Amino acid sequence: MKIDAIDLYLARIPLRRPQKTAGVALDCLETVIAGMRSGDLVGWGEASPGTAPVGGQWAGGAFACLRDWLAPAVAGCQIDTGTALQERLQVFSGNQYAKAALDSAWWDLKARQAGKPVHELLGGTKASLELGISLDRTETIDELIDAMRTAFAAGFSRIELKMRPGWDIQMINHVRHEFGAETLHVDVEGAMTLAHMETLYRLDDFMLAMVEQPFMADDLVGHAMAQESLRTPICLDESVVSPAHVEMALDLKSCQFINVDFGRVGGLTPAVAIHDACHEHCTPCRLGATPRSAIGARAGLALAAKANFTYPADWIDSPQLFAFDLADPPSLARPSDGQPLVANLWSEPGIGVAPDMARLESCSAAKATIA
């Protein structure tokens with residue numbers, strides 16, 4: 001498949017409510033949309049590392065990297081596999097989110113060419129996915145309890161709680177007493193060290209599905225030491241940046257779950273490789289997500305259709321987050337009261353939708369076409 005041209009858009013999607021990032025209130029989400037053209041077909045991908053460079057990558061930087069380096073390395077080339085695409089990008093170190101935009105666009109293009117949904121082309125085995133949400137610190141425990149009650153009543157299968165200093169064991173104790181049988185896990189976001197093992201041991205009392213990323217991303221040995229001592233499974237998240245890092249974590253026995261965000265690892269191609277390695281090691285995966293448009297959300301859900309994604313997928317409700325989305329999000333359904341809420345996967349080719357070009361043009365701060 002020859003890549004004729006790549007269209008890039010640095011989009012600024014208005015938020016319904018300002019959000020603080022790095023101490024700055026932001027009124028929009030910046031994200032990069034990539035349209036990869038071959039003949040009459042266009043495949044769509046997204047890079048959404050965030051508006052600010054708090055994680056080392058950000059949308060403005062991803063746009064510049066794609067415009068000046070990555071897209072020129074691909075445009076005009078014959079690219080027949082996701083592996084071949086990754087090999088062309090290998091010379092450029094890091095920049096996983098920018099690479100993910102091209103990789104996910106290539107898979108969408110390939111699936112449209114084959115006349116199949118991308119989840120089928122990726123080897124997915126599911127027609128729908130159970131969903132979970134994340135809740136951060138609130139002003140009071142009662143507010144958190146109310147938010148959780150609303151989420152479970154809506155049919156979400158599990159809730160992730162963010163642990164913060166002063167918002168940890170006491171909070172979890174209250175929550176577990178209120179929701180004795182519900183599926184819960186906590187996300188530490190790398191804020192602990194081995195010096196906090198006493199707190200981690202106490203988590204074993206609360207029947208949590210997992211504790212996510214207790215230590216810094218590069219501390220795979222520390223995670224292995226902690227996992228050896230804990231009954232609660234450790235899930236790695238920020239540590240999961242490439243198949244090589246995951247192989248190392250699996251060899252060290254650093255965790256019992258792997259959170260896969262296709263943006264963080266460089267695209268659907270490396271994400272599938274991570275899934276397959278975890279499956280071989282009998283280590284289940286879960287789908288991670290960052291705020292992104294329906295273009296990226298659909299690519300993530302397509303990945304989560306694979307067999308070893310056994311934990312409810314991360315879900316971010318775009319109608320609540322954005323003033324408008326760039327495309328139709330996947331449809332949600334609840335077969336009957338008491339049944340879990342699910343995202344239904346689609347039967348149309350590719351990711352099932354294309355961006356609304358009028359909306360995309362209206363919110364684009366920068367554009368480029370590489371041919």
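All of the numbers you see were taken from the coordinates with simple rules; none came from a lab. This is a predicted model, so every value here is computed, not measured. No Cβ is skipped: glycine too gets one built from the backbone with ideal geometry, and neighbour counts run over all protein chains shown.
Could you please state, rounded to a whole Å, how far the C-alpha centre of the stretch 290-331 is from the C-alpha centre of the stretch 97-160?
4 Å
What are the aspartates and glutamates whose alpha-carbon lies under 18 Å from the alpha-carbon of Lys110, with same-chain residues fewer than 8 places away excluded?
Cα-Cα hits under 18 Å: Asp4, Asp7, Asp40, Glu46, Asp80, Glu87, Glu120, Glu348.
Averaging the inverse of every distinct alpha carbon separation and then flipping it gives the Kirkwood radius. What is it for the chain, in angstrom units?
For the chain, inverting the mean 1/r across all distinct Cα pairs yields 21.0 Å.
Which three numbers, in whole Å and largest first, are the semi-axes of the equivalent ellipsoid of the stretch 122-256 derived from its Cα gyration tensor as √(5λ)? Don't skip to the answer; put the middle values down first.
Details: eigenvalues 129, 84, 30 Å².
Largest first, the stretch 122-256 gives 25, 21, 12 Å.
Would you calculate the separation in nanometres between label points at Ala365 and Met248, each defined as 7 Å from the Cα along the Cα-to-beta-carbon direction?
In this crude spin-label approximation the distance works out to 3.3 nm.
Give me the percent of DSSP beta bridges within the chain that run antiparallel, rounded to the nearest 5.
Beta bridges within the chain, antiparallel portion: roughly 60 percent.
For the stretch 186-339, calculate the relative contact order in percent as a whole number, restricting contacts to Cα pairs under 8 Å that are 6 or more residues apart.
Answer for the stretch 186-339 is 16 percent.
Give the Rg (one decimal place) followed by the Dmax (whole number) of the stretch 221-324, computed from C-alpha coordinates and expressed in Å.
Expressed in Å, the Cα Rg and Dmax of the stretch 221-324 come to 14.1, 46.
Can you return the lysines within cross-link range of Lys162? Criterion is Cα-Cα under 23 Å, with same-chain partners fewer than 8 residues away left out.
In chain and number order, the partners are Lys20.
If I stretch the segment between Ile145 and Phe92 completely, what's the gain in nm (0.36 nm per residue apart, minus their alpha carbon distance), one decimal?
So the chain would gain 14.5 nm between Ile145 and Phe92.
For every other residue with a beta carbon closer than 10 angstrom to the beta carbon of Ser347, add +1 if it is Lys or Arg and -1 if Asp or Glu, then tell me the sum. Numbers along the way, then the final one.
Numbers: positive: Lys116; negative: Glu120, Glu348.
Residues close to Ser347 contribute a combined charge of -1.
Given bins 5 angstrom wide, list per bin the percent of all Cα-Cα distances in the stretch 14-122, short to long.
The percentages, shortest bin first, are 2, 12, 20, 21, 16, 12, 8, 5, 2, 0.
Which pairs break 20 Å Cα to Cα here: Lys116/Lys306; Lys116/Lys367; Lys99/Lys367?
Lys116/Lys367
Give a residue-ordered list of calculated ³J(HN,Hα) values for the stretch 196-201 (Karplus: 6.51 cos²θ - 1.76 cosθ + 1.60, θ = phi - 60°; whole Hz; x for Gly, Pro).
In residue order, the calculated couplings are 9, 4, 4, 5, 5, 4 Hz.
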